[in-house]
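The values are calculated or read from the model by the stated rules, or taken from the named source; none is laboratory data. Just so it is clear, the model here is predicted, and its values are computed rather than measured. Note: ideal-geometry Cβ built from the backbone for every residue, glycine included; neighbour counts use all protein chains shown. Just the protein is used for accessible areas: all its heavy atoms, side chains included, with ligands, DNA and RNA removed. Shrake-Rupley method; radii C 1.70, N 1.55, O 1.52, S 1.80 Å.
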Amino acid sequence: IPFDASAKPAMQRPSFLLSEPEQVYTPISIYHGPERIQTAWWRESAINRDYFIGRNELGQWCWVYRQADNQWFIHGYFA
């Protein structure tokens with residue numbers, strides 16, 4: 001499903017997920033977010049991420065997240 005800027009962003013997920021998220025080193029314009037995803041907060045291996053829908057310099061719609069330490073990663077792309 002391609003990204004539709006008029007649709008409810010929280011309901012959209014990218015059609016292409018990376019096998020391993022890649023750290024962001026170039027600017028990304030944020031269009032929606034954050035959407036917090038948090039799992040197993042009581043465990044040491046808990047995931048605590050704020051997800052955003054953004055667009056990179058190449059015009060690609062991306063699903064990016066920010067970790068608690070303020071590092072940014074691309075997790076997927078919208079088709």
If you take the residues of region 34-60 that are open to solvent by 40 Å² or more (accessible area, probe 1.4 Å) and touching a residue at least 24 places away in the same chain (Cβ under 8 Å), which of them is farthest from Pro14 (Cα to Cα)?
Glu57
Of the conditions (1) open to solvent by less than 60 Å² (accessible area, probe 1.4 Å); (2) under 19 Å from Ser15 (Cα atoms); (3) touching a residue at least 12 places away in the same chain (Cβ under 8 Å), Ile30 fails just one. Which one is it?
(1)
Kindly indicate which of Thr39, Thr26 is β-branched (Val, Ile, Thr) and more than 17 Å from Gly76 (Cβ to Cβ).
Thr39
Output for region 61-79, where each listed residue is at pLDDT below 95 and open to solvent by 70 Å² or more (accessible area, probe 1.4 Å)
Ala68, Asp69, Asn70, Ala79
